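To start, the structure itself, in structure tokens.
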Amino acid sequence: MAYPAIFVGLVLAMMEVLSDYGTVAYFGVETFSVGIFKSWFGYGNLSEAINLAIVMLGIVFVLLFAEARLRARFRFISSTHSASKAPKIVLEGYRNVLAFSLSLLICMATLLIPTGVLVYWFYLDWDSLDWGALSYLSRTLSLNIFSALCIITLAFMMVYALRFYPSRLGAISHKLSILGYSIPGAIVSIGILLFTNFIDQSVGKVVLGGSFFALIFAYLTRYFAASIGSVENGFSKIDKSIDDATMVFGTSLWERIMRVYLPLMRPYLLSGFLILYIDLAKELPATLLLRPFNYDTIAIRIYELASNEILYKSALPSLLLVGTTAIAVLLLNSKFVRGRR
């Protein structure tokens, strides 16, 4: 029974690895994302970068198709068995020790050891710390907060429209918007750059290229699915009788949203906002390609320092990034968010 779920997790992990750029670029692994960046920035060959992006997109669609088939099989297997909950298994003796040791090993490898190394580098670099990292943090916070607010607002509007004004076009738009999360940031960036270049050439001057609009549009395309799930979950908890009551009393659309649905949806919107912030804070490929001139986020600063092997200097911005995302994770799991859902 576990095989379909394991394969689905494997496919999702493969898609995440396929879309990664910073880690593989630092370790010199020649992936599609690295090839796209090298073709474009290293050799100035945009057509080759587009060809690599098309091949990469084909691989993504194959993985999506495989995942959809596996999910369908998993639902079939689940539906053929009893819906009763499986009994809890209490581990004792050496099994308990092995399970705890494995969990501790994963925690150490992914959190404790890397954070400890960053703290050590921070200590070694104390006398010559570059506090300019705070300006990168300020840019990151302002950009990510504004982008997350735009995305969560659009997600709310889409789900609200589908709830009250369902249509075939709306359903298709909803499904297409979710696909963006599976497309690597490098491919999204190339598509948006081609679009902005076409608009700029048509107008005869630079209007969209290198603007915040292009960058936020890339964030919207890439991470819209990360927010819409939380919004849909919130609307599913609202009884249809509330919809009928607001219609009967003749309240306007603005009044219904501000006085009824926003208060009920607040914890779910906050949850979606925090998930978006965590994703946006560590986004590198789209930000690196589409950011306005000389507008570096803290993730880009870390990438530049690591690429130049100035690892000690990357400790402070890395700890700032870890700290802000850790706060978002703690808020996401706090009673303020989870307790009210």
*asked:* So the check is Cβ under 6 Å with 6+ separation or different chains; which pairs have a first residue in segment 215-231 that's under 23 Å from residue 295 (Cβ atoms) and a second one that's not in a helix (DSSP H, G or I)?
replied: 215/291
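Yes/no matrix, rows are residues, columns are (1) closer than 30 Å to residue 46 by Cβ; (2) surrounded by 20 or more Cβ atoms within 10 Å (Cβ to Cβ); (3) among the basic types (Lys, Arg); (4) not assigned by TED's automatic domain parsing to the domain that holds residue 243:
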position: 266; (1), (2), (3), (4): no, no, yes, no
position: 277; (1), (2), (3), (4): no, yes, no, no
position: 280; (1), (2), (3), (4): yes, yes, no, no
position: 284; (1), (2), (3), (4): yes, yes, no, no
position: 288; (1), (2), (3), (4): yes, yes, no, no
position: 304; (1), (2), (3), (4): yes, no, no, no
position: 308; (1), (2), (3), (4): yes, no, no, no
position: 311; (1), (2), (3), (4): no, no, no, no
position: 319; (1), (2), (3), (4): no, no, no, no
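A quick yes/no check of all residues on (1) without any contact (Cβ under 8 Å) to a residue 12 or more places away in the chain; (2) of a type in the set (Gly, Ala, Ser); (3) in contact with an Asp or Glu (Cβ under 7 Å, 6 or more places away or on another chain):
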| site | (1), (2), (3) |
| --- | --- |
| 110 | yes, no, no |
| 159 | no, no, yes |
| 188 | no, no, no |
| 204 | yes, yes, no |
*Regarding residue 215, is this residue buried (at least 16 other Cβ atoms within 10 Å of the Cβ) and out of contact with any Cys (no Cβ under 6 Å at 6 or more places or on another chain)?*
yes
_Just to check your reading of the model, which residue among 199, 190 is over 25 Å from residue 273 (Cα atoms), β-branched (Val, Ile, Thr), surrounded by fewer than 18 Cβ atoms within 10 Å (Cβ to Cβ) and not assigned by TED's automatic domain parsing to the domain that holds residue 49?_
199
*Return the total of residues in segment 14-54 being surrounded by fewer than 13 Cβ atoms within 10 Å (Cβ to Cβ) and under 12 Å from residue 187 (Cβ atoms).*
1
*Restricting attention to segment 127-182, and to residues there that are in a helix (DSSP H, G or I), of a type in the set (Phe, Trp, Tyr) and over 18 Å from residue 292 (Cβ atoms), which single residue is modelled with the lowest pLDDT?*
181
_All helices (runs of 4 or more DSSP H) inside segment 1-40 with 3 or more residues being among the aliphatic types (A, V, I, L, M) and modelled with pLDDT under 75_ = 2-19
*Test residue 184 against the stated conditions and say whether it is more than 24 Å from residue 56 (Cα to Cα) and of a type outside the set (A, V, I, L, M, F, W, C).*
no
*asked:* Give all pairs with beta carbons closer than 8 Å in which a residue from segment 323-341 that is modelled with pLDDT of 90 or more meets a residue that is assigned to a loop (DSSP other than H, G, I, E, B); count only pairs at least 6 apart in sequence or on separate chains.
replied: 325/282
*In this structure, is residue 264 aliphatic (A, V, I, L, M) and modelled with pLDDT of 90 or more?*
no
*Check on residue 120, in a helix (DSSP H, G or I), under 28 Å from residue 272 (Cβ atoms) and aromatic (Phe, Trp, Tyr)*: no
_Among the residues listed as 312, 295, 261, 303, the single one being more than 21 Å from the chain's Cα centre (by Cα) and within 17 Å of residue 133 (Cα to Cα)_ = 312
*asked:* Tell me whether segment 240-257 contains one or more residues that are among the hydrophobic types (A, V, I, L, M, F, W, C), part of a helix (DSSP H, G or I), at pLDDT below 85 and surrounded by 15 or more Cβ atoms within 10 Å (Cβ to Cβ).
replied: yes
*asked:* Is it the case, given these coordinates, that residue 300 is part of a helix (DSSP H, G or I), in contact with a Lys or Arg (Cβ under 8 Å, 6 or more places away or on another chain) and not small (Gly, Ala, Ser)?
replied: yes
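The values are calculated or read from the model by the stated rules, or taken from the named source; none is laboratory data. All values derive from a computational prediction rather than experimental measurement. Ideal geometry is used to build each Cβ from the backbone, glycine not excepted, and the neighbour counts take in all protein chains shown.
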